[in-house]
Each structure stands twice: as structure tokens, then as C-alpha cells.
Amino acid sequence: MIEKFKTLLVVKSSLISLYLALTIPLPFISISNLKIFSLVLILLGLFLIFSITNDHVETCNSKISYKTNPISKVLGRKNWEIHWKDIKEIISLPTSQGSKVYYFKTNNDNNFLIPQRIEDFEKFLSIVSENTGISIKQITYISPLWTYKLLTLLSVLMIFGELFSFLS
């Protein structure tokens, strides 16, 4: 049975709302000859944000796969696939912000980043544990979910402030 794990909605909404908060002022402050051009670029950027947040993970009885879309591939993200039997261990590395990222280490000593911003993360981890026999108790989201919610709230407040400022 194939299980699909998409990017968390709260992560998508934080990225999209932050992008909008940073770009909405551009048409208002552009010179009149560039207003339409800036709107087109904003829409293009919005399309790119939607695209790169649609990568997902698939699991089945024999393997785990990370699937990207063509735009993510152009931007440097690659699909990968590992058979469960090829995963030797899970290693962790600290980030500069004080959290940890985790990698699948394979029998060939290749490392594949474990996605930590996906829906149903606990279910994903239990599938990993069942299929590899490796303890997953130490693995958590890369950052607390409240940080994404706070970023979304602040971004939405910025958007309302910008719109109010430019429309009045």
C-alpha cells in the first residue's frame, strides 16, 4: 500500500503569506511604467512558491521515495528513492539555529535528508520504524509548528497593514 505525505499546510501558508507580505508593496511603489511588470513577476513568484511546496514523500512496503516537480528539479532539488533494506541507520546533525536534521544513511554510505515538514509526521515515522527496525524516538519536526503559525500571523498582519497604508 502506497502512503503519500505532502508538505504541511502550515509550512505552505507561512511561505506564501511571507512572500505576499514582502511583494505586495512592489506595484504600489513602482514607477507607473513598471507596475504591470511587477504584478506579472509577483504572480510568477507565487506560482514558483506553490510549485516548490508541492514536493512529497511516498512510502510502500519496499521503499521510500521523495518526489519533486519539474520546477523544483530546475532549482536543484532531486527525486530520490531508497529501498528499506538499504537503510543502515539514521544520523543527526545540528543546525545553526539549534535544532537537528536527520538523514537516512544507506549501506553505500549515501545520506538522504529525512523530510521533517510533512503531514502526518508521526505516521511517517512509524512506517520508517516498522520497515527499518530503527528507533525513531529522537526524531521531531525541524522546528516547532507554532513558529510557522506565528510567521503566518505576522505576515498576514503585515499584508493588512500594507494594504491599509497604500489604500488610504
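The values are calculated or read from the model by the stated rules, or taken from the named source; none is laboratory data. Values in this document were obtained by computation on a predicted structure and should not be read as measured data. No Cβ is skipped: glycine too gets one built from the backbone with ideal geometry, and neighbour counts run over all protein chains shown.
Is one or more of the residues making up the range 124-137 over 23 Å from Trp84 (Cα atoms) and in contact with a helix residue (DSSP H, G or I) (Cβ under 8 Å, 6 or more places away or on another chain)?
There is no residue in the range 124-137 that is over 23 Å from Trp84 (Cα atoms) and in contact with a helix residue (DSSP H, G or I) (Cβ under 8 Å, 6 or more places away or on another chain).
Could we say that Lys149 is charged (D, E, K, R) and in a strand (DSSP E or B) here? Even if it seems obvious, please write down each step before you answer.
Working: charged (D, E, K, R): yes; in a strand (DSSP E or B): no.
Spelling it out, it is not the case that Lys149 is charged (D, E, K, R) and in a strand (DSSP E or B).
Which one is nearest to Ile2 (Cα to Cα), of the residues in the range 84-96 that are surrounded by 12 or more Cβ atoms within 10 Å (Cβ to Cβ) and hydrophobic (A, V, I, L, M, F, W, C)?
Trp84
What pairs can you find where one residue is in the range 127-141 and surrounded by 13 or more Cβ atoms within 10 Å (Cβ to Cβ), the other is in a loop (DSSP other than H, G, I, E, B) and of a type in the set (D, E, K, R), and their Cβ atoms are less than 8 Å apart, with a gap of 6+ or different chains?
These pairs meet every condition: Tyr141/Arg117.
Quick one: which strands (runs of 3 or more DSSP E) sit completely within the range 1-84 and have at least 3 residues that are of a type in the set (D, E, K, R)?
Hits in the range 1-84: 3-6.
Consider the range 54-81. How many of its residues are at pLDDT 90 or above and surrounded by 12 or more Cβ atoms within 10 Å (Cβ to Cβ)?
16
Could you list all residues from the range 97-125 that are assigned to a loop (DSSP other than H, G, I, E, B) and either more than 18 Å from the chain's Cα centre (by Cα) or crowded, with 16+ Cβ neighbours inside 10 Å (or both)? Walk me through it before giving the result.
If we filter the range 97-125 for residues that are assigned to a loop (DSSP other than H, G, I, E, B), which is where we start, we get 97-99, 107-110, 114-117, 119-120.
Listed by number, the residues that qualify are Gly98, Asn107, Asn108, Asp109, Asn110, Ile114, Pro115, Gln116, Arg117, Glu119.
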